[in-house]
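Student: Handing you a structure now.
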Amino acid sequence: MGLVACRRCARVWPGSARRCGRCGHGLRSRDVMALQKVWALWVVGLICYIPANIYTMLETRTLVSSQTNTVIGGALELGHHGDWGVAMVILVASVGIPISKFIVIAMLAYGIRNRSFLSPERRQLMHELVEYIGRWSMIDVFVVAILSALVHLGALVSIQPGIAALFFAMSVIFTMLSAMCFDSRLIWDSMVDDLPPEIRPKSAHPQADRANKPEEGATA
Ligand SMILES: [Zn+2]
């Protein structure tokens with residue numbers, strides 16, 4: 001596969017080299033564990049996303065009353081008060097974007113070892129989009145943090161972040177790590193034959209698979 005760079009000292013070696021001649025670090029062109037890491041972080045992100053929606057995101061205490069809101073509950077309540085614009089922003093940022101990210105990352109990871117109905121160009125674009133959106137996904141958490149820092153009128157009103165804010169932040173972090181672990185070069189590798197078996201697509205190149213297997217009559 002042409003050239004391979006050492007991950008420790010960045011010296012470039014021919015693709016067949018197994019060890020860096022300068023620093024002794026083992027050389028490998030692709031991380032064969034990349035997909036496992038992507039799936040593991042994806043699952044943790046999804047698990048964190050469930051309590052982020054079930055538990056309290058915002059706790060508002062006034063002199064006479066105390067109110068707790070989940071993300072969706074709070075957005076719907078804003079809608080009932082006529083603020084549908086703000087409610088839509090909250091719903092898109094805390095439901096629409098995270099769920100689309102889960103779906104896109106799963107599609108990308110699944111498409112590496114199985115046939116994907118999307119072209120490599122389109123999958124590359126989707127990966128870049130997910131990585132770009134990642135940094136904007138904490139908007140909910142920022143809003144809660146700013147509100148609870150600003151609204152501290154002593155005994156009159158106080159806004160406290162709920163436990164869901166922590167789970168939401170964790171879910172965003174794990175989803176970002178999952179997208180970062182995804183090596184977009186794997187998308188293009190389905191066009192190359194000499195890959196380690198751990199990351200080679202199952203059926204993209206049947207003729208190459210046949211060529212790598214020993215001939216049936218050879219051992220007889
Ligand atoms: Zn090196």
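Student: Go through (1) more than 17 Å from Val141 (Cα to Cα); (2) touching a strand residue (DSSP E or B) at 6+ places or on another chain (Cβ under 8 Å) for Gly74 and report which single condition fails.
Tutor: (1)
Student: To continue, here is another question. Look at segment 100-124 and say how many of its residues are free of Cβ contacts under 8 Å to residues at least 12 places away in the same chain, within 28 Å of Ala52 (Cβ to Cβ) and not polar (S, T, N, Q).
Tutor: Going through segment 100-124 one residue at a time, the tally reaches 2.
Student: How many of the residues in segment 1-39 are hydroxyl-bearing (Ser, Thr, Tyr) and farther than 21 Å from Met180 by Cβ?
Tutor: Number satisfying all stated conditions: 1.
Student: I would also like to ask the following. When you scan segment 161-186, how many residues do you find that are more than 13 Å from Leu41 (Cβ to Cβ), among the hydrophobic types (A, V, I, L, M, F, W, C) and not in a helix (DSSP H, G or I)?
Tutor: 0
Student: Can you tell me which of Cys23, Cys9, Cys48 is touching a helix residue (DSSP H, G or I) at 6+ places or on another chain (Cβ under 8 Å), modelled with pLDDT of 90 or more and either within 16 Å of the ligand (Cβ to nearest atom) or closer than 30 Å to Leu91 by Cβ (or both)?
Tutor: Answer to the check: Cys48.
Student: Out of the residues in segment 26-45 meeting the condition of being in contact with a Cys (Cβ under 7 Å, 6 or more places away or on another chain) and more than 16 Å from the ligand (Cβ to nearest atom), tell me which one is nearest to Leu186 (Cα to Cα).
Tutor: Ranking the qualifying residues of segment 26-45, first place goes to Ala34.
Student: Continuing with this model, one more query. Can you find, within segment 12-32, the residue that is nearest to Ile99 (Cα to Cα) among those that are touching a residue at least 40 places away in the same chain (Cβ under 8 Å) and not β-branched (Val, Ile, Thr)?
Tutor: Per the stated criteria, the residue is Asp31.
The values are calculated or read from the model by the stated rules, or taken from the named source; none is laboratory data. Since the structure is predicted, the reported quantities are computational estimates derived from the model, not experimental observations. Note: ideal-geometry Cβ built from the backbone for every residue, glycine included; neighbour counts use all protein chains shown.
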